[in-house]
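What follows is one structure encoded as structure tokens, with my remarks underneath.
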Amino acid sequence: MTSEIRYKTVNKIAGPLLFVERVDNIGYNEMVEITLGNGETRTGQVLDTRKGMAIVQVFGSTTGLDTVNTSVKFRGEIARIPVSDEMIGRVFNGLGEPLDGMSSVVSNEKVEIIGNAINPYSREEPSEFIQTGISTIDGMNTLVRGQKLPIFSGSGLPHNKIAAQIARQAKVLSSSEGFSIVFGAMGITSEEANFFIEEFRKTGSLMRSVLFLNLASSPSMERIILPRVALTAAEYLAYEKDMHVLVILTDMTNYCESLREVSAAREEVPGRRGYPGYMYTDLSTIYERAGKIRGRNGSITQLPILSMPSDDMTHPIPDLTGYITEGQVFVSRELHRRGIYPPINVLPSLSRLMNQGIGKGRTREDHRGVADQLYSAYGRGTDLKSLSAIVGTEALGKEDRLYLNFASLFEEKFVNQGFNEDRTIEKTLDIGWDVLSTLPEREMKRVKREFIERYGKWRK
Amino acid sequence: MGKILRVAGPVVIAEEIENARMYDVVRVGDLGLLGEIIGMEREKATIQVYEDTSGIRPGENIESTGKPLSVVLAPGLLSSIYDGVQRPLDVIRAQGGDFIQRGIYPTPVDMKKKWKFTPTIKKGDKVSPGDIVGIVKETSLIDHRIMVPLGIEGTVETIEDGEFTPLQTVGTVLTKSGIKEIPMGQEWPVRKPRPVKNKLPPEIPLVTGQRVIDSFFPVAKGGTVAVPGPFGSGKTVVQHQLAKWADSEVVVYDGCGERGNEMTEILTTFPELVDPKTGKPIMERTVLIANTSNMPVAAREASIYTGVTIAEYFRDMGYNVAIMADSTSRWAEALREISGRLEEMPGEEGYPAYLGRRIAEFYERSGNATVLSSGNRNGSVTIIGAVSPPGGDTSEPVSQNTLRVTRVFWALDASLAQRRHFPSINWLNSYSLYSQELGNWFNKNVKEDWYSSYQESMSILEKEAELQEVAQLVGYDALPENEKEVLNIAKSLREDFLQQSAFDETDTYCSLKKQYLMLKSILRMDEFEKYAVSKGIAVSELDTLAFKEKLSRFKEVKEESIDAYYESLIKEMETEIKGRVDKQ
Ligand SMILES: Nc1ncnc2c1ncn2[C@@H]1O[C@H](COP(=O)(O)OP(=O)(O)OP(=O)(O)O)[C@@H](O)[C@H]1O
Ligand SMILES: [Mg+2]
């Protein structure tokens, strides 16, 4: 359906939007090629189409666009990228164009980047335990293959280190296959991006990775399309090439900012704090692309990173993300300040798919009980910490003082570990029992009697 | 032939559609996508499209089907999984692969499948709408009762015994206006409530096997519940638990704008779970609707009507039906998104001004009722709606409008969830307006002091909240022993009774009898401890007594041993505490 018609009827430019007039029945979501007066080209997409008019969202910057010389060609098809094995080991921009000086991917297989929803009936329940070697995750917020588990963080916190450590150490115990990595960077600094690339290079996973980079200096509108391009590549690797793909998307906050910008330019009724009312739905079309499909061997595990504006978990970006993803890993400024790495606060963290991945035959029979007991004890300990700040430690009961002490031990021994320390799940659970053993045995209401006897340290 | 004028996401504007009427279904564009007319202005119609509109162009054709959005109500519904407009997702997969393709419209039930129909009436019988004419054994759990459709009244002319496809005629009735056919199933427009003869006050509890619900905040069959809570607080787990264990005969589970994997979880676990009463797989009584967050929003908007219409249909047969809608906030957001695209005047937080009315209309479709028939058959629809307020703050429009019309409120609490106190239903903020009426039922059917035990427990927990404030100021150690004792009992109520693991094989379901005995044992402990404290024993000394552990493990006790366990627990309690006092 590609027509050779170029329209020079741009009537208005508002933010990232072009209003093109006197066009002939353009398709919704159709891809657009925009040529500037000086011959440069940009890519765009149709957001709204009427008789004789189309609103086009430009993915690059709108600098240099005008209403006189700019010409627009509608491609007659919705956005697609070519996919093939050749993508592995390469670096692309947000539109899937090479950034590494090599040629474009050549392939007969061109796939739509706005993927259709996975039929819920086709999904397979994710249940294979991924050992990340990080105790707070493996022990208390277990990640499984096919899960979407974001890292909620803030500026200046070591979320990149945590993500890199996970990418380096992640393994499924029953299989020797490693993860391939699809890395999507949106608006992060080149320093941050280089940190990841260097990490991937060191561990050898770069050869199994595909990188999509849109740095802080790159056009912000490209961020709208980048995660979809990255996930299209990931789906190809997972479902056509049987790979287990770990998708790291960072920073989702920048993605949402771009979304807000488009919405404002369209003069839509804003939802909470100016973000569009459809942001939940929009984000879900990214996050829900994680998963496993029955009868296919590969999988997509997502690890999106987002920084919470002013460390506020109720801000629309983390809030809507949390409502879609299968839990979250919460990075705490307070723990970071006290020098604890990884500064993961387990209390607001959660893995909803944990149950499917743990227990006898998967991790260890006492896993659930130990995790629950650690949660409730640490919860009580931290409550007492704030209480003792008011009334003093002396005013606490004897048992309360034990809990207070427990909370500190837990942070030092269980949470705290090295950037290169790869703990086995047994080791993690063992440390859990060590710290729990500072509490009276009768407090272990969350653990089955037989497990206390088998693994507890009270009578040893 | 109508023509498309404009396409913006799920909303299409078209002109000159022949015989266009509000809420009629239209076929949009060259692909013939499914849509619904939701607004009209002179010759222009606004259409919400149930499928992705990518590639659709102005100028393409559009045509009305002349029918409102309807569901097929016929044998074959149970154990199905549908999208928001009743397309069977298993068939869509078989025809279009693992990713949902556009333009596939299989029939909601298999129209070729033959079902054995056994009549329950005979020639010459008088029948009116709603009367049961026969039975199809749809699953081993549920008889599909075939009913006389609305508008047919007269004398049975013929009635057959044999095998029929879902919409085939099984008999004829001689009415005032001639002979009318009775088909096995029927179609019904989703936005129109199915009528009942009259509504009855809800009086019988929906027994859920969840302690905090049955014992503290019970819901009646035919009642309404709002379950608001921030993300990760346990709304979905509560809904799943109810779908698994509640004693409703039919369950409609509507995953409305939520996660795909949660539907998969149901699909993988339900076929293996058996109903505690009948021993049959619970999937056989369940209808699933899965319009996940990434599926088209207009179909999400429709999904809750699709669900409740199916629920009403089984109610009309005389069943107690429960529908779980997870989450009604996502439905409201779909409404907001469509309204925004229509450029309607926004109300609070961008929601359309009619949000409150729509929410009320939905919950109004619940109820305990004498259903339509010439006899006296009762059925009920209980609606349990999850609400997902932004930031967990329930002062927003969806929560507020929901609370206005629902009678039970389970307030899920993030701080309880963070401490892994599950279900994280906050005992101080939650309420049930059925509490007292149902209390009578429990007193009569379980034990005469059921309701007073609840009241006593609740007052201990309220007292705890007061004392904790004092302890915040002066420190726990400064409290007198009798107040420490109250805190002790409250702690036991929270940990040994209210907390209940959905994932523990035994604890996941707790019978009413067991609930009663567990609560009673804590209240007995209260009596004994009060006595000990009055004799000068310190509360901290009581904590080390052996029966405490036994009490906390009551949860793990299997149903068949609860009586014996209770007896020996109380005996140990008494001996140990009395022993301690005597030693003094
Ligand atoms: N009764 C329970 N027993 C044990 N664990 C529970 C229980 N209820 C909730 N949980 C835990 O809490 C997690 C989150 O619960 P759930 O998915 O129901 O939250 P939600 O309120 O539906 O969140 P969202 O709004 O994001 O969908 C579960 O994955 C589970 O680990
Ligand atoms: Mg949920």
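We did not get these values from a lab; they are worked out from the coordinates using the rules stated. Quantities reported herein were computed from a predicted structural model and do not represent experimental measurements. Because the Cβ atoms are built from the backbone with ideal geometry, glycine has one as well, and the counts that use them run over all protein chains shown.
Axis of helix B:328-341 versus longest Cα principal axis of chain B: the two differ by about 40°, to the nearest ten degrees.
Would the protein assembly as shown count as rounded, prolate or oblate if I go by the C-alpha gyration tensor, calling it rounded below 1.5 in a/c and otherwise prolate when a/b exceeds b/c, oblate otherwise? It would help to have the intermediate numbers written out before the result.
Details: a/c = 2.03, a/b = 1.16, b/c = 1.75.
Oblate is the answer for the protein assembly as shown, as a/c is 1.5 or above yet b/c matches or exceeds a/b.
Projecting label points 7 angstrom from Cα along Cα→Cβ for B:R553 and B:K277 puts them 3.3 nm apart. Give the angle, between 0 and 90 degrees and rounded to the nearest 10, that separates the Cα long axis of helix A:222-235 from the longest principal axis of the Cα atoms of chain A. For helix A:222-235, the angle is close to 70 degrees. Calculated translational diffusion coefficient of region B:272-331 (37 °C, 0.692 mPa s; Stokes-Einstein with Kirkwood radius over alpha-carbon pairs) equals 251 µm²/s.
Let me confirm the definition first: pairs of Lys residues in region A:76-217, 8 or more apart or on different chains, C-alpha distance under 19 Å. How many are there?
Values: A:K148/A:K161; A:K148/A:K171; A:K161/A:K171; A:K161/A:K202; A:K171/A:K202.
For region A:76-217, qualifying lysine pairs total 5.
For B:E448 and B:S415, a Förster radius of 41 Å and the Cβ-Cβ distance give a FRET efficiency of 0.70, rounded to the nearest 0.05. Taking 13 Å as the straight-line reach from the Cα of A:K448, the aspartates and glutamates in range (excluding those fewer than 8 positions away in the same chain) are A:E365, A:D366, A:D372, B:D504, B:E505, B:D507, B:E549, B:E556. Gain on full extension, evaluated as 0.36 nm per residue between B:K67 and B:D393 minus their Cα-Cα distance, stands at 113.3 nm. Here B:K513 is the anchor, and the aspartates and glutamates within straight C-alpha reach of less than 13 Å, apart from those fewer than 8 places off in the same chain, are B:D214, B:E448, B:D449, B:E559, B:E560, B:D563.
Take each residue in A:453-459, count the other chain C-beta atoms within 10 Å of its C-beta, and the mean is 0. Here the convex hull built on the C-alpha positions of region B:430-483 has a volume of 83 cubic angstrom per residue. Counting pairs of alpha carbon atoms under 8 Å apart in space and at least six apart in sequence, what relative contact order in percent does region B:340-446 give? Answer for region B:340-446 is 17 percent.
Can you give the convex hull volume per residue for the Cα atoms of region B:519-572, as a whole number of Å³?
On the way: hull volume 3.8 nm³, N = 54.
Enclosed volume per residue, from the Cα hull, is 70 Å³.
As a size descriptor, the averaged projected area of the C-alpha convex hull of region A:12-124 was calculated at 9.7 nm².
Would you kindly calculate the mean projected area, averaged across all directions, of the convex hull enclosing the Cα atoms of chain A, in square nanometres? Could you put the intermediate results ahead of the total?
Values: hull surface 97.9 nm².
Mean projected area of the Cα convex hull: 24.5 nm².
Going down the list B:K199/B:K221; B:K192/B:K221; B:K280/B:K514, which pairs span over 20 Å between their C-alpha atoms? Before the final figure, lay out each step's value.
Details: B:K199/B:K221 12 Å; B:K192/B:K221 22 Å; B:K280/B:K514 22 Å.
Too far apart for the 20 Å limit: B:K192/B:K221; B:K280/B:K514.
Could you order the peptides B:123-133, A:117-127, B:507-517 from most to least packed, using the average number of other C-beta atoms within 10 Å per residue?
Descending packing order for the listed peptides: A:117-127, B:507-517, B:123-133.
Peptide B:116-127 is shielded by partner chain Cβ atoms: per residue, an average of 0 of them sit within 10 Å of its Cβ.
Mean separation of Cα pairs under 8 Å and 6 or more residues apart, divided by the residue count, gives chain B a relative contact order of 13 percent.
Taking Cα atoms only, the orientation of helix A:425-436 departs from the longest principal axis of chain A by about 50 degrees.
With 31 Å as the limit on Cα-Cα distance, the pairs of A:K292/A:K413; B:K555/B:K578; B:K444/B:K550; B:K67/B:K277; A:K398/B:K235 that go past it are A:K292/A:K413; B:K67/B:K277; A:K398/B:K235. Quick one: Cα centre-to-centre distance for region B:231-307 and region A:242-315, in angstrom? A separation of 25 Å, based on Cα centres.
Within the set of other residues whose C-beta is less than 9 Å from the C-beta of B:L78, count the net charge using Lys and Arg as +1 and Asp and Glu as -1.
Combined, the nearby Lys, Arg, Asp and Glu give -1.
A Förster radius of 25 Å, combined with the Cβ-Cβ distance separating B:E364 from B:E41, puts the computed FRET efficiency at roughly 0.30.
A simple spin-label model places the labels of A:E198 and A:R22 5.6 nm from each other, with each point 7 Å out along Cα-to-Cβ.
Counting pairs of alpha carbon atoms under 8 Å apart in space and at least six apart in sequence, what relative contact order in percent does chain A give?
On the way: 963 pairs, mean separation 74.6, N = 460.
That works out to 16 percent.
A simple count of charges around B:A386, restricted to other residues whose Cβ falls under 15 Å of its Cβ and scoring Lys, Arg +1 and Asp, Glu -1, yields -2.
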